[in-house]
Protein chains: 2
Amino acid sequence: MQRFFLHTPVRLVFGKGMVKRVGRQLEVDGVTSVLLVRGRASARQNTSLSTVEASLAKHGVDVADQVVVQPGFAVEDLMLEQGKAERVQGIVALGGGSVMDAAKALAASPYISDLQELVAGQQDVLEALPMYAVPTLSGSGSEVNGHAVLLSRKLGRKTSAKGPALYPRCSVVDPTLQAGIDFALTARGALDAMSHVLEQYVMAQSQETAMALCEALMVSLVQAAEALRQDPDAYLPRADLAWASILAQNGTAGAGLGGGEWTVHVLAHQLNVSTPTTAHADLVAVLFPAWLERVQDVEPELFQRWTKKVWAMEDKASGIASWRETLKRWERPQSLNEVGLTRQDLEETLAHLPESVGRRFPLSRNELSVLLEQAWQGPL
Amino acid sequence: MQRFFLHTPVRLVFGKGMVKRVGRQLEVDGVTSVLLVRGRASARQNTSLSTVEASLAKHGVDVADQVVVQPGFAVEDLMLEQGKAERVQGIVALGGGSVMDAAKALAASPYISDLQELVAGQQDVLEALPMYAVPTLSGSGSEVNGHAVLLSRKLGRKTSAKGPALYPRCSVVDPTLQAGIDFALTARGALDAMSHVLEQYVMAQSQETAMALCEALMVSLVQAAEALRQDPDAYLPRADLAWASILAQNGTAGAGLGGGEWTVHVLAHQLNVSTPTTAHADLVAVLFPAWLERVQDVEPELFQRWTKKVWAMEDKASGIASWRETLKRWERPQSLNEVGLTRQDLEETLAHLPESVGRRFPLSRNELSVLLEQAWQGPL
C-alpha cells in the first residue's frame, strides 16, 4: 500500500429529488449571484434547468448570466465568456463532465491572466470562485474531483488541470435527472467510470482492500449499465452508476495505488485534439483492449485476477474479449477508425506524445504507434 | 438508494513513516501549542510518542501539557483535565479509539459548560479546538468520523456525541505504528470495523454498489486479520486493516443505506456502563451472532447473500457459525458471561434501554432480554 494524501472537501448531496435543494447550498455559503454554465438545451435539460433556476431563486440566488457549453469546446471559447465570471460570486454547472470542467475553468478565470495556462501549466490551481455542480450525466467524476480536462486549439493539447480550488464546493447528485436518457449516454458514462477504476487498479501490487474495492466498483458499473439497458427509468441502477462513478474519482478507488497509470487517458486526450466532438468515453473504451493486449503479459497474475473477479472468466484473454463483447452489446464503437479518426490523426497524435507514457507499464513511442494502429483497426 | 449527505473534511495522511509528518500538519494550520492526549505508556507507545514529540518540536509546536487516558475512562475523569485544554490551540491524540474519543471531548470542552452534555445531549457539537489524530490501533474509525463515544458514570450511560466539530482536522495513519502488536488488539480492531460495516450493510435493500463495497470491506478485514495472525509485522495486511477501518467510518460504506441499524452498538455501549474496562469490540463481537439469530429470518435473502459473499458459504446458518468460528480462532470471548458480565448487569442494561431498539429490525425490550440472555450463555 503506497502512501497517499486524501482530502475530498466536496459536500455531496445525493438522492432522489435533491436537485431542489441546490439553492440552499449556495445560501449557506452566502453566494447570492452566479453564472450558470450548462449544456445545450433539450427537453430534458430544460426540466432540470427550470428546477435549478427555481431552487436558486427561492434561496435568493440571482442567475446573473449563462454560458452554454458546446461539445468539443476549447479554452479559446471560454475566454470569450470569462468576463461573465468576473461579475459573479460563484458558478453553477448543470451538465455532464465537459460542462463541469468548463465551469471549473470559468471559476478559475478571474484569478488567471490567460486561460491557456490551465492547459499548458504544471501549477496547481489555488484560487477560484466557489463552484456548485449538478451533474446530468454520471461517469466523469468531475463532480467530486479537483480536475478539469481542457482542450486548447492553439496549443494542440487536451490535458487535465488540477488543484484544490478546482473541487466543487458542493455537488448535488440527483440520479433522477438521468432517468430515461439514451442508452448511448448511460453506456459512455459507465465506460468512463470503468476506465477510471481500471487506470488505478492496474497499479495494484497485492493491496487487497484497494483491489477488492476496485473490483466491486467495476462489477457494479457493468451491472448497473446492463440494468439500465433493460429499463432506462429504473432508479436503483441509476443511483448505483452515479455512486460508483463518484467513488472512482473521489480518491477512494485509487488510495494507496500510487496515483494510477493513465496511459489510455493520455492517448484519448491527445486523440480528442483531432476530433474534439468525439466522446471521451468512446475513445478510452476502444483504446483499453489494445492497451491491455500490449501489457497483460508483463503482469499476468494481475490481469488474470481482473478477468476472474470482474468478468467471472478464468483465462486472461477472456477479460479483453468480455470488454469487447460489452462494447458490442452496448452498441459502442469498436475501433478508432469507426470513431472517425484517420491514420493521419494517429500520426499527429503520436507527434505530440512524450518519448514514453506510463508508470508501471511504460510504453515507448514505437509501442504506442503499434497500439494506436491496433486500436484503429479494432478487433480482427 | 436512500438520500445522503457526505462530507468528510478530515485531511488523511496515510502510509509508512508518515507519523514523522504530523508536526507539519499543525504548522500549516498555524497551531503552535497543543495538549497531547494519549494511552498508557508502553515500550511501543513510547516509541510512537517520541516520534510524535520530535515531529511537533521540529515544526515549532509546543506540547504544553499531556493527558493519559485510562481504559474505561468517563467524562467525569476528563472534567478534571479540561483546564489543560483551555490553555492550548489544539489537541493531538495518540492512541486507539477511546483515546481519540477522549481527545475529541477535551477539544470540545472549552466551548461546553458541562461535559455531561456530550453524553446527555441531543445537540450537534459545533465548536471545538482543532484535533489531530495519530491512531495506534485501527478499528474504531474515530480518526475519520465526527463522533465520540463517551461514558458518564453519573448518568449511567455510554453514548456517541456527534457534530461537525468532532471530525479531526487531520489524521496521520501510519500502519507501521501497529506492527507487531498483540494479536488480541488486531483481532479487536478487525471485529470493531467488521461490526461497523455490518451495522450499515443490514440496512441494504438492493443497493448493489453499496452492498458490494461492504462485502469487499468485510472480506478484506477478515483476510487482513488472518494474515496478521500469521505475521504481526506484515505491512500490507496492516495497511489493509487501517484503510478498511477508515472506509467503514468515513461515510463510504454506509452511503445510501439510511444511516445504519446500530442495535448491537446500543446494547454494547449500555453493557459497557457495567464493565467499563471491557473492550467494546469484544462486546459487539459476542452480541452480533445473537442479534443475527433473532433477525435473519425477517430478511432471509439479505443474510443468505451476506453468508455467501463474506463467508463463501451457502446456508445462512453458516454465516453465524463462521462468525463464531472466527472468534474461536482469534481467541476472543464467545459469551457475555465469559467477558465477565453478570445476569444482574443484564438487568441493569435492560432497564436503561428504550422500549424498542432498531430501525429495520426493531426489537422490543422483551426480545432484547432474550437476545442478551442468549449472548450471555453463548453458543450451545
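Placing a label point 7 Å from Cα along the Cα-to-Cβ axis, B:Asp77 is separated from the same position in the other copies by 6.3 nm, shortest listed first. Listed by chain and number, the lysines whose C-alpha is less than 29 Å from the C-alpha of B:Lys84, apart from same-chain residues fewer than 8 away, are B:Lys20, B:Lys58, B:Lys104, B:Lys154, B:Lys158, B:Lys162. Annotation for the range B:76-93 versus the range B:170-205: alpha-carbon center distance of 27 Å. Cα convex hull, the protein assembly as shown: 157 Å³ per residue, rounded to a whole number.
Averaged over the residues of B:204-214, the number of partner chain Cβ atoms lying within 10 Å of the residue Cβ comes to 6. Set the Förster radius R0 to 25 Å, insert the Cβ-Cβ distance between B:Arg329 and B:Thr277 as r into 1/(1 + (r/R0)^6), and round the FRET efficiency to 0.05. Between B:Arg329 and B:Thr277 the formula returns 0.55. With distances taken between every two different alpha-carbon atoms, chain B has a Kirkwood hydrodynamic radius of 20.9 Å. Axis angle, to the nearest 10 degrees, between helix B:208-230 and the longest C-alpha principal axis of chain B: 70 degrees. Between the Cα long axis of helix A:97-108 and the first principal axis of chain A there is an angle of about 50°, rounded to the nearest 10. The overall shape of the range A:158-220, judged from the alpha-carbon gyration tensor, is oblate: a/c is not under 1.5, and a/b is no greater than b/c. Each residue, B:Leu353 and A:Tyr235, gets one label point 7 Å from its Cα in the Cβ direction; the gap between the two is 3.2 nm. What separates the A:Gln377 label point from its copies, with the point 7 Å along Cα to Cβ, is 7.2 nm, written shortest first.
Chain A residue nearest by beta-carbon to the axis mapping A to B, with distance in Å: A:Ala216, 2.
Helix content alone sets the calculated 222 nm mean residue ellipticity of chain A: runs of n ≥ 4 DSSP H residues at -39500 (n - 2.57) each, divided across all residues, give -15000 deg cm²/dmol.
Taking B:Lys309 as the anchor, which lysines have their alpha carbon closer than 17 Å to its alpha carbon, excluding any fewer than eight residues away along the same chain? Straight-distance partners of B:Lys309: A:Lys308, A:Lys309. With both labels modelled 7 Å from their Cα along Cα-to-Cβ, the B:Leu380 to B:Asn46 distance reads 5.2 nm. Among the residues of A:169-175, the average count of other protein chain beta-carbon atoms within 10 Å of the residue beta-carbon is 1. Neighbouring Cβ atoms from other chains, within 10 Å of the Cβ of residues in B:235-242, number 4 on average. Under 14 Å from the Cβ of B:Ala225, count the other residues' Cβ atoms, weight Lys and Arg +1, Asp and Glu -1, and hand me the total. That sum, taken over residues with Cβ under 14 Å, equals -2. In the range B:11-177, Rg over Rh equals 0.94, where Rg is the alpha-carbon radius of gyration and Rh the Kirkwood radius from pairwise Cα distances. Taking A:Leu283, A:Leu150, A:Leu49 in turn, the Gaussian network model of chain A (Cα-Cα springs below 10 Å) assigns the largest fluctuation to A:Leu49. Starting from the label point of A:Thr176 at 7 Å along Cα→Cβ, the same points in the other copies fall at 5.2 nm, in ascending order.
Label sites at A:Val28 and B:Lys58, each approximated as a point 7 angstrom past Cα along Cα to Cβ, lie 3.8 nm apart. Is the C-alpha gyration tensor of the range A:194-336 telling us rounded, prolate or oblate? Criteria: a/c under 1.5 is rounded; beyond that, a/b larger than b/c is prolate, otherwise oblate. Taking the square roots of the gyration eigenvalues as a ≥ b ≥ c, the range A:194-336 is rounded.
Binning all Cα-Cα separations of the range A:327-380 at 10 Å, short to long from zero, yields these whole-percent fractions: 23, 46, 28, 3. Helix A:317-329 against the longest principal axis of chain A: what's the angle in degrees, Cα atoms only, rounded to the nearest 10? With rounding to tens, the tilt is 50 degrees.
Charges were assigned to the Cβ only: +1 to each Lys and Arg, -1 to each Asp and Glu. The resulting dipole of the protein assembly as shown about its Cα centre is roughly 420 debye.
Laboratory data are not the source of any read-out in this text; all were calculated from the coordinates shown. What you see is a predicted model, and the numbers here were worked out from it, not measured in a lab. Using ideal geometry, Cβ is built from the backbone for each residue, glycine included, and neighbour counts are taken over all protein chains shown.
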